[in-house]
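These notes are about the structure you will find just below.
The values are calculated or read from the model by the stated rules, or taken from the named source; none is laboratory data. A quick note: this is a predicted structure, and the numbers were derived from the prediction, not measured. A quick note on method: Cβ atoms are made from the backbone with ideal geometry, for glycine too, and the neighbour counts reach across all protein chains shown. Keep in mind that these areas ignore ligands, DNA and RNA; they rest on the heavy atoms of the full protein, side chains included. Shrake-Rupley method; radii C 1.70, N 1.55, O 1.52, S 1.80 Å.
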2 protein chains.
Amino acid sequence: MAGVLYLDDLTVGDRFESEPYEMTEAAIIAFARDYDPQPFHVDPDAAQDTFFQGLAASGWHTAAITMRLMVQSVPFANGAIGAGGDLRWPEPTRPGDRLRLVTTIEDIIPNRSKPGRARVVALCQTLNQHDAIKQEFRPNLMAWKRGVDPAA
Amino acid sequence: MAGVLYLDDLTVGDRFESEPYEMTEAAIIAFARDYDPQPFHVDPDAAQDTFFQGLAASGWHTAAITMRLMVQSVPFANGAIGAGGDLRWPEPTRPGDRLRLVTTIEDIIPNRSKPGRARVVALCQTLNQHDAIKQEFRPNLMAWKRGVDPAA
C-alpha cells in the first residue's frame with residue numbers, strides 16, 4: 001500500500017486504519033529516558049504519587065508511535081508530510097495499551113498559487129484496544145497531483 | 001533548578017532558556033528508523049529528490065528533543081505535564097542544527113472548581129543557532145500551589 005495515493009486519488013471522508021502496536025512498560029521507560037525523563041514516565045513506583053498515579057507514556061512517545069502507524073497506513077505517494085496542527089492527549093497511554101491509528105480526510109484545500117498541490121486536513125485519532133482516544137492530532141498534510149514534482 | 005517552581009512562583013512573562021542540543025545526522029536517521037521511516041528522514045541521497053531537498057529530521061524528533069530541553073530548563077515542581085496544544089514546524093531541523101528551547105509563560109488561568117491548581121499557557125519556541133524557529137508549541141501545562149497534592 002505504501003506510496004500509492006496522489007492528490008487525484010483522495011476524497012473527503014477517506015479513512016485509513018493501521019494495525020495495532022503494543023506499548024510495553026520497557027518501551028515507555030526507554031523512550032522517556034531519552035526524551036522525557038520525568039518520574040511518572042520512567043519509574044513505576046515513583047509514578048504512583050504523581051498526577052498520573054502510575055506509569056504513563058510520554059505524550060511524545062504516543063505521538064512518535066502514531067507517526068510510525070501513519071507511515072504504515074496512510075500511503076501518500078510523496079510521503080506523509082505535515083507542517084503541524086492541533087495536538088491533544090485526552091488521557092495518557094499506559095503499559096499494555098494496544099494503539100492503532102484511524103485517519104480520516106476532513107478537507108482538501110487546493111493551493112491557489114501552486115497548481116497541482118493541496119493542503120489536506122486529516123483527523124488522526126490514536127485509540128487503544130478499548131477505543132479510548134489517547135491522542136487526537138489534526139495536521140495539515142501536503143499532497144501533489146500525479147506528475148507534479150514535490151522538490152520543484 | 002529541577003523541580004523548584006510551584007504555581008505560587010510563576011508570573012506571566014517568566015522566561016526559561018535551555019542549553020543547546022546538537023542534532024546529528026546519525027541521531028536524525030536513528031530516530032526516524034524507529035518512528036518515521038520515510039526517505040527524507042532516513043536516506044540523505046534519496047532525500048534530495050523529495051519536498052525537503054535533503055535530509056530533514058522528523059518533526060516528532062524535534063518535538064521529542066524539545067521535551068528533553070523542557071525537562072532540563074522549566075523546573076515545575078510537580079513536573080512538566082501538558083494536555084496538548086498547537087504544534088507548528090515552520091521549517092525542518094537539519095543535521096548540525098543546535099537546538100535550544102525558549103519557554104515564555106503567556107497566561108495563568110486558575111481552576112475555578114479545584115483551588116490551588118491552574119492551567120499555565122506557555123509558548124515553547126525551539127530555535128537553532130541562527131535563531132530560526134524550528135518548532136513552536138503552545139501547551140496548556142498543569143501547575144499546583146505548594147502543599148496541594150497532584151495525585152489527589
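Evaluated against (1) closer than 30 Å to B:V148 by Cβ; (2) more than 13 Å from chain B (Cβ to nearest Cβ); (3) touching a Phe, Trp or Tyr at 6+ places or on another chain (Cβ under 6 Å), A:T103 falls short on exactly one condition, (1). For the range B:139-151, the set of residues classified as buried (at least 18 other Cβ atoms within 10 Å of the Cβ) and closer than 17 Å to A:D86 by Cα consists of B:P139, B:L141, listed by residue number.
Residues checked against (1) away from every other protein chain (no Cβ under 11 Å); (2) touching a Leu at 6+ places or on another chain (Cβ under 9 Å); (3) over 21 Å from A:L10 (Cβ atoms):
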site: A:I65; (1), (2), (3): no, yes, yes
site: A:V71; (1), (2), (3): no, no, no
site: A:G82; (1), (2), (3): no, yes, no
site: A:P115; (1), (2), (3): yes, no, no
site: A:A122; (1), (2), (3): yes, yes, no
site: A:N128; (1), (2), (3): yes, yes, yes
site: A:Q135; (1), (2), (3): no, yes, yes
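Pairing residues of the range A:35-56 that are closer than 14 Å to B:F76 by Cβ with residues that are in a loop (DSSP other than H, G, I, E, B) and of a type in the set (V, I, T), at Cβ distances under 7 Å and at least 6 apart in sequence or on separate chains, gives A:P39/A:T50; A:F40/A:T50; A:F51/B:I81.
Being of a type in the set (K, R) and under 10 Å from the mean Cα position of the chain (by Cα): is that true of A:R112 here?
Details: of a type in the set (K, R): yes; under 10 Å from the mean Cα position of the chain (by Cα): no.
Considered against the rule, which asks whether it is of a type in the set (K, R) and under 10 Å from the mean Cα position of the chain (by Cα), A:R112 comes out as no.
Restricting A:I65, A:I105 to residues that are open to solvent by less than 10 Å² (accessible area, probe 1.4 Å), farther than 23 Å from B:P139 by Cβ and in contact (Cβ under 8 Å) with a residue 24 or more places away in the chain narrows the list to A:I105. State whether one or more residues within the range B:1-14 are more than 30 Å from B:N78 (Cα to Cα) and modelled with pLDDT of 95 or more. No: the range B:1-14 contains no residue that is more than 30 Å from B:N78 (Cα to Cα) and modelled with pLDDT of 95 or more. Filter the range B:16-51 for residues that are of a type in the set (F, W, Y), open to solvent by 20 Å² or more (accessible area, probe 1.4 Å) and not in a strand (DSSP E or B); which is farthest from B:V121 (Cα to Cα)? Among them, the one singled out is B:F51. For the range B:52-65, filtered to residues that are closer than 21 Å to A:L87 by Cβ and in a loop (DSSP other than H, G, I, E, B), the residue that is farthest from the chain's Cα centre (by Cα) is B:A56. When the range B:70-119 is filtered for residues that are more than 30 Å from B:T24 (Cβ to Cβ) and among the hydrophobic types (A, V, I, L, M, F, W, C), the ones remaining, listed by number, are B:A77, B:A83, B:I105, B:I108, B:I109, B:A118.
Checking each residue in the range A:131-152 for being more than 10 Å from the chain's Cα centre (by Cα), modelled with pLDDT of 95 or more and over 16 Å from A:L7 (Cα atoms) picks out A:D131, A:A132, A:I133, A:K134.
Picking from B:P95, B:P90, B:P115, which residue would you name as being in a loop (DSSP other than H, G, I, E, B) and buried (at least 16 other Cβ atoms within 10 Å of the Cβ)? Before the answer, list the steps.
On the way: B:P90 fails: buried (at least 16 other Cβ atoms within 10 Å of the Cβ); B:P115 fails: buried (at least 16 other Cβ atoms within 10 Å of the Cβ).
Answer to the selection: B:P95.
Within the range A:129-138, the only residue that satisfies the criterion of being surrounded by fewer than 20 Cβ atoms within 10 Å (Cβ to Cβ) and among the polar types (S, T, N, Q) is A:Q129.
Residue-by-condition table, conditions (1) more than 10 Å from chain B (Cβ to nearest Cβ); (2) more than 30 Å from A:L10 (Cα to Cα):
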position: A:H41; (1), (2): no, yes
position: A:P44; (1), (2): yes, yes
position: A:A47; (1), (2): no, yes
position: A:G59; (1), (2): no, no
position: A:T62; (1), (2): yes, no
position: A:R68; (1), (2): no, no
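With respect to A:E25, is the statement that it is touching a Ser or Thr at 6+ places or on another chain (Cβ under 8 Å) and either of a type in the set (D, E) or within 30 Å of A:R119 (Cα to Cα) (or both) true?
Values: touching a Ser or Thr at 6+ places or on another chain (Cβ under 8 Å): no; either of a type in the set (D, E) or within 30 Å of A:R119 (Cα to Cα) (or both): yes.
So A:E25 fails the test.
The residue of the range B:118-138 that is nearest to B:G84 (Cα to Cα), among those that are without any contact (Cβ under 8 Å) to a residue 40 or more places away in the chain and either among the polar types (S, T, N, Q) or assigned to a loop (DSSP other than H, G, I, E, B) (or both), is B:Q125.
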